[in-house]
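None of the figures in this text is laboratory data; all of them are computed from the coordinates on show. All values reported here derive from a predicted model rather than from experimental measurement. Positions of Cβ are generated from backbone atoms using ideal geometry, with glycine treated the same way; all protein chains shown enter the neighbour counts.
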């Protein structure tokens, strides 16, 4: 069974392109901290290249940007490439679904300011209260 679920942060803004077939593909990279620290006390990070197709890719492009947390579900696929006689294997996470993670303020566009301490509250005079 080839099923992968990762939770991390986008290392760059998602990039979408339309293929000659009319399908769209969205490419992005997710940085995931390892669970354990190494002997030096450092937590290493793994980087996963991911590809989301059509509506899922359009969703990622529209609602995610660099630095945001994301939960990605899908399968790992490899492709073999021969560069100047050197055989290499590249891995890519083919996305089935994505979910938001983190706080709502993490998902706001960077042009928006974080909410202030009293944002969303209305000043009410005690005389207006029914009790």
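Spacing of the modelled spin labels on residue 101 and residue 40, each 7 Å from Cα toward Cβ, amounts to 2.4 nm. Note on residue 4 and residue 23: the extension gain reaches 4.5 nm, defined as 0.36 nm multiplied by sequence separation minus the Cα-Cα distance.
Ranked by the mean number of other Cβ atoms within 10 Å of their residues, highest first, the peptides 62-72, 43-53 fall in the order 62-72, 43-53.
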